[in-house]
Amino acid sequence: MTSPATSPAQAAVAMPERPSAWPWALQRLFLLAFLAAIGGLIWLLYQRDRDEQQATLVSDVLWLEQNFHLQFERNAELLQRFGDDYAAGSLDGATLDARAAAVRRLTQGTTQIVLLEGDGKERGAWPPMAGELTVGEAQPEVPAPAVARLAAALGRPVYSNAYAVVGGDIQFEVHVPAYRNGRPAATVVGLYSLRKMLGEVVPWWFAEKYQLNVLDSGGNLLMSKTQVEARRDAGLHQVAFDPPGHGLALQVVAFHHETRVLPILLVVTIAGLASAMTWSLWVLRRHVLSRYAAEKALRDEYAFRKAMEDSLHTGLRARDLQGRVTYVNPAFCRMVGWPAEELVGRAPPMPYWPPEHMDFLIEANQRLLGAPAGTQGLELKFMRHNGERFDALIYEAPLIDAAGRHCGWMGSVVDITERRRTEEFARAQQERLQFTARLVTMGELASALAHELNQPLAAISSYSTGCMNRAEQGLLKPEELRDALSKLSAQARRAGQIIRRVHDFVRRSEPRREQQPVAALVEDAAGLLEADARRRGVALVLDMEPDLPQVNMDRVMIEQVLVNILRNAMDAMQDTAPPDRALHLGVRRSGSGVELSVADRGCGIAPEVANRLFDAFFTTKRDGMGMGLNICRSIMELHHGKLWFEARDGGGTVFHLYLPGAD
Ligand code: ADP
């Protein structure tokens, strides 16, 4: 701030209106890409999970199918051995029943074992046959003889078609042939219940995970392991249910997707973090934009203030509470002649303090630093770098920082040397002019004085001559002598008064205002000009109201004003015909004061002259000074009075003087 090496104004101009858009666009792009990647990841995880679950389903179904096959094969083996033993004739009576019951128990999924003789006749059934079994219109024979024949012909187990039986169950048979000496000797038939088969072969965990359906060749549901409906979209697999049925199918449907808590938790966390990041980026962007706007406003403000400071002619100087300079503006540097770098950081005494005023300045500085806010201006003598002394007027104001703390003083310094010189010159000039004016008036007075004094002196002389003549003739009576002597002394007093008035008039003195009667003043002034008026052939007509109020005035000064105005009026009537040379001096009460008017029949005042009449040195006379009216107005203003003029009806001018009454 203190060294304006780089122009902040230029910096402010160089700063763009808005921050460039591409970083924001890039940020937005990255954000979108990030969100897309997160979305893709979540989708991939989901798909993978689905695939895994489908694969598990398929492998479970294949395992189950395998299980069914194994069970069928084992059962067929057991039935085969039973059939072979029977064909060999090793079973009869009680052993046959016991063996058949054991085989029935061991073959999972079967409800009954039927033993047929080689000719197809039933040898026995375990448990025994119980009435009508099958349902439907074309009730098949149980066990089916055609299947038995086929099995005997093929020499291997053959399965029958599935058919519905009483109780909503589905049943099918396996016919296992047995031979004796190469000829069919018996057929063991295992009657399977689909319900029992599903109940015994399908493990519990499978039933919990999946719905297991058995469908016929038309896709109709024959039997289901559970009554609860599974959701189709959760996963489904179907395999052929061979060998038992022809066209039967096993359909496995997963109840629901397995919910895996950890991946979901991970996904939710990632999504939450992504949202938080997006939000924080948005907040950051808003913050950056507002900071940018604030910074720009600050730079604009700084540039404006800097320009304002640089244009100042008043020196500015900031100091901390210890008096150390913290800032100076260019005007101050120009004033004292030291560069800012040499002044900033300096503590008193300052290089611009003249040595001869050092003690006073140190004391004044202490006073300024301790002064409360709103100190009055202080006039001091400072020194320029070239040694020249100058007068400085300093105003100090407290410096308040952003936290509202008083941290120093800001001083404005005005170089008043020139103003001082001009004022001094004007004052001296004015004094000189006033003195000159008095001298001129005095010169004029001298001749008037001669006239004035002539009269009383002539009277004194004639009275004393008369007395002497009378005394020589011895005719002088004592009362005549007293009379003559008193007239003599009256004339001598008058002469003395004239001289004293002139003395008072010429003496340079400060105005001494006091309560004065106006009438005496008017009479004195008229008396002073009496002789001159007579000489010029001017008739002085006095028109004064009685009981005029007293006025607070310097009598000598106001008399000077009146004399000057009367004399100007007589001058103006120089070329006026003698009968018209009358000068009216009117005195009357006006409000609480008194107004005097001097009316002449002179040459009048031309309009182009009227404006300049009161200017110093304005005169139309060959030997005039042009200071009279100027001084007169100053004197009237000093008395809070007024001086003005107007044209007089019938020719000439009227000058008015107003003197306010005593308060
Ligand atoms: P000065 O008498 O030395 O000229 P003043 O200031 O007294 O200086 O007067 C300035 C001018 O005003 C005079 O020169 C004169 O032209 C004009 N003036 C003053 N009084 C009258 C008047 N009564 N009639 C006409 N002109 C006047």
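The values are calculated or read from the model by the stated rules, or taken from the named source; none is laboratory data. Because the structure is predicted, anything quoted here is derived from the model rather than measured. With ideal geometry, Cβ positions are generated from the backbone for all residues, glycine too; neighbour counts draw on all protein chains shown. When the accessible area is computed, the model is the full protein with side chains, heavy atoms only, and any ligands, DNA or RNA have been set aside. Shrake-Rupley method; radii C 1.70, N 1.55, O 1.52, S 1.80 Å.
If you go through the stretch 531-555 and keep only what is more than 22 Å from residue 588 (Cβ to Cβ) and either surrounded by fewer than 18 Cβ atoms within 10 Å (Cβ to Cβ) or basic (Lys, Arg) (or both), you end up with 534, 535, 536, 537. Inspect the stretch 155-162 for any residue being open to solvent by less than 10 Å² (accessible area, probe 1.4 Å) and not in a helix (DSSP H, G or I) and give the result as yes or no. Yes. Scanning the stretch 337-358 for residues that are in a loop (DSSP other than H, G, I, E, B) and in contact with a Pro (Cβ under 7 Å, 6 or more places away or on another chain) yields a single hit, 338. Counting only residues that are in a loop (DSSP other than H, G, I, E, B), more than 7 Å from the ligand (Cβ to nearest atom) and open to solvent by 40 Å² or more (accessible area, probe 1.4 Å), the stretch 624-661 holds 4 of them. Consider the stretch 311-342 and keep the residues that are within 34 Å of the chain's Cα centre (by Cα) and among the aliphatic types (A, V, I, L, M). The one that is nearest to residue 388 (Cα to Cα) is 331. Candidates in the stretch 254-270 are the residues that are surrounded by fewer than 12 Cβ atoms within 10 Å (Cβ to Cβ) and in a helix (DSSP H, G or I); of these, the one that is modelled with the highest pLDDT is 269. Selection of strands (runs of 3 or more DSSP E) fully inside the stretch 543-623 by the criterion of at least 1 residues being at pLDDT 90 or above and within 16 Å of the ligand (Cβ to nearest atom) returns 582-590, 593-599. All conditions but one from (1) modelled with pLDDT of 80 or more; (2) open to solvent by less than 60 Å² (accessible area, probe 1.4 Å); (3) under 20 Å from residue 349 (Cα atoms) apply to residue 371; the one that does not is (1). Residue 23 falls short on exactly one of the conditions (1) at pLDDT below 85; (2) surrounded by 14 or more Cβ atoms within 10 Å (Cβ to Cβ), and that condition is (2).
Kindly establish whether residue 567 is open to solvent by 50 Å² or more (accessible area, probe 1.4 Å) and among the charged types (D, E, K, R). Criteria not met by residue 567. Scanning the stretch 588-609 for residues that are under 17 Å from residue 569 (Cα atoms), out of contact with any strand residue (DSSP E or B) (no Cβ under 7 Å at 6 or more places or on another chain) and in contact (Cβ under 8 Å) with a residue 24 or more places away in the chain returns a single hit, 603.
Residues in the stretch 49-96 that are surrounded by fewer than 16 Cβ atoms within 10 Å (Cβ to Cβ) and of a type in the set (Phe, Trp, Tyr): 63 alone. The residue that is farthest from residue 494 (Cα to Cα), among those in the stretch 453-475 that are in a helix (DSSP H, G or I) and of a type in the set (A, V, I, L, M, F, W, C), is 471. Among residues that are surrounded by 13 or more Cβ atoms within 10 Å (Cβ to Cβ), touching a strand residue (DSSP E or B) at 6+ places or on another chain (Cβ under 9 Å) and acidic (Asp, Glu), residue 342 is not included. Looking across the stretch 402-433, the residues that are open to solvent by less than 90 Å² (accessible area, probe 1.4 Å), more than 30 Å from residue 631 (Cβ to Cβ) and without any contact (Cβ under 8 Å) to a residue 24 or more places away in the chain come down to 403, 404. Can you say whether residue 305 is touching a residue at least 12 places away in the same chain (Cβ under 8 Å) and either touching an Asp or Glu at 6+ places or on another chain (Cβ under 9 Å) or basic (Lys, Arg) (or both), as far as the supplied structure shows? For residue 305, the condition - touching a residue at least 12 places away in the same chain (Cβ under 8 Å) and either touching an Asp or Glu at 6+ places or on another chain (Cβ under 9 Å) or basic (Lys, Arg) (or both) - is not met. The single condition from (1) open to solvent by 50 Å² or more (accessible area, probe 1.4 Å); (2) modelled with pLDDT under 85 that residue 459 fails is (1).
Screening residue 613 on (1) within 20 Å of residue 528 (Cα to Cα); (2) touching a helix residue (DSSP H, G or I) at 6+ places or on another chain (Cβ under 7 Å); (3) not β-branched (Val, Ile, Thr) shows it passes everything except condition (1). Can you pull out every residue in the stretch 271-310 that is open to solvent by 80 Å² or more (accessible area, probe 1.4 Å) and either modelled with pLDDT under 85 or of a type in the set (A, V, I, L, M, F, W, C) (or both)? Passing the criteria: 273, 279, 282, 284, 298, 304, 308.
Within the stretch 468-496, no residue satisfies the criterion of being closer than 30 Å to residue 556 by Cα, of a type outside the set (D, E, K, R) and open to solvent by 90 Å² or more (accessible area, probe 1.4 Å).
Among the candidates 361, 399, the residue that is crowded, with 16+ Cβ neighbours inside 10 Å, out of contact with any helix residue (DSSP H, G or I) (no Cβ under 9 Å at 6 or more places or on another chain), modelled with pLDDT of 85 or more and part of a helix (DSSP H, G or I) is uniquely 361.
Yes or no, residue by residue, for (1) closer than 30 Å to residue 431 by Cα; (2) of a type in the set (Lys, Arg); (3) touching a residue at least 60 places away in the same chain (Cβ under 8 Å):
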| site | (1), (2), (3) |
| --- | --- |
| 516 | yes, no, no |
| 523 | yes, no, no |
| 541 | no, no, no |
| 546 | no, no, no |
| 552 | yes, no, yes |
